[in-house]
Amino acid sequence: MKGVVTSDKMNKTVVVAVSRLKEHPKYKKRYKITKKYKAHDEKNECKIGDVVLIGETKPMSRDKRWRVLEAVKKANEESRDEESSERFK
């Protein structure tokens, strides 16, 4: 699955938000569903805003059953600085 890293505060763990479109069975309207997964990041390389590919693996902890396969796209350093400054205003 492909998703965006939303948190990297834990050691060797990142939280990845995966979005998908779902269709209502009766009204046929499509809407977006976002689910968060905790994924194992062995080298602590992923940062907030990175687009990553995650794959299923054996359970590593109570919540962690995914691992980061590769970083598809790295987030810009400048955009990370802007996001963090906006968060603390």
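The values are calculated or read from the model by the stated rules, or taken from the named source; none is laboratory data. Quick caveat, the model's predicted, so the values are computed rather than measured. Note: ideal-geometry Cβ built from the backbone for every residue, glycine included; neighbour counts use all protein chains shown.
Close contacts from segment 44-61, counting a first residue that is outside any loop (DSSP other than H, G, I, E, B) and modelled with pLDDT of 95 or more and a second that is loosely packed, with under 15 Cβ neighbours inside 10 Å and among the aliphatic types (A, V, I, L, M), with Cβ to Cβ under 9 Å and a gap of 6+ residues or different chains, come to V51/V72; V52/L69; V52/V72; L53/L69; L53/V72; I54/L69; G55/L69. When segment 1-25 is filtered for residues that are exposed (fewer than 13 other Cβ atoms within 10 Å of the Cβ) and in a strand (DSSP E or B), the ones remaining, listed by number, are S19, R20, L21, K22, E23.
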